[in-house]
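Asks: Mind having a look at this structure? Questions to follow.
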Amino acid sequence: MPRKQADVEYGLKNKGFLVADSHHHYFIYYSLEGKKTSVKTKTSHGQREISDDLIAKMARQLKVSRSVFLNLVDCPLSRKEYENILVSLRLLASGDKQSGN
C-alpha cells in the first residue's frame, strides 16, 4: 500500500535520519551517538505518495525488508531496534560506532 511522502519522511527523521537537501531529499542515518553512517535513501521533491515499488527500493537501500521498513517509518520499530539490525548486518559496529570509516 502506498504511503504519503510526508509520513515516510517524518518517520525517517524521527528514527535518526537527517536530510541532505538537493534535487532529492537524501536521508542519511546517524547512529545514536551521532555518527554518520553509509545507510541512506532518498525521496523526490514534489512527490505526494510513495508507491509500493519505491517503498521496496527504499527498504533495500536501508538494508531491511519492506515490512521492517514500514514498521520503521510507522513507528512500531524503535530507533534502537533498527540500529541493532544494522549492527547484526555489520553496517554499524556494536557500541554505536560506525565500522569502516
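Asks: Using the Cα centre of the chain as origin and beta-carbon charges of +1 (Lys, Arg) and -1 (Asp, Glu), tell me which of His25, Gln47, Gly11 is placed farthest towards the positive end of the dipole.
Replies: The listed residue farthest towards the positive side: His25.
Asks: Still on this structure, I have one more. Note the listed values (i) 1.01; (ii) 3.27; (iii) 1.08, then indicate which one is Cα Rg over 2.2 N^0.38 Å calculated from this particular structure.
Replies: It is the value labelled (i).
Asks: Tell me the relative contact order for the chain as a rounded percent, counting alpha carbon contacts under 8 Å between residues six or more apart.
Replies: Working: 144 pairs, mean separation 28.0, N = 101.
Normalised by residue count, the contact order of the chain is 28 percent.
Asks: Continuing with the same structure: Fully extended, how many nm does the chain gain between His45 and His24 (0.36 nm per residue separation, minus their Cα-Cα distance)?
Replies: Values: separation 21, 0.36 × 21 = 7.56 nm, distance 0.58 nm.
Between His45 and His24, full extension yields 7.0 nm more.
None of the figures in this text is laboratory data; all of them are computed from the coordinates on show. Small disclaimer: the values here were computed from a predicted structure and weren't measured. Using ideal geometry, Cβ is built from the backbone for each residue, glycine included, and neighbour counts are taken over all protein chains shown.
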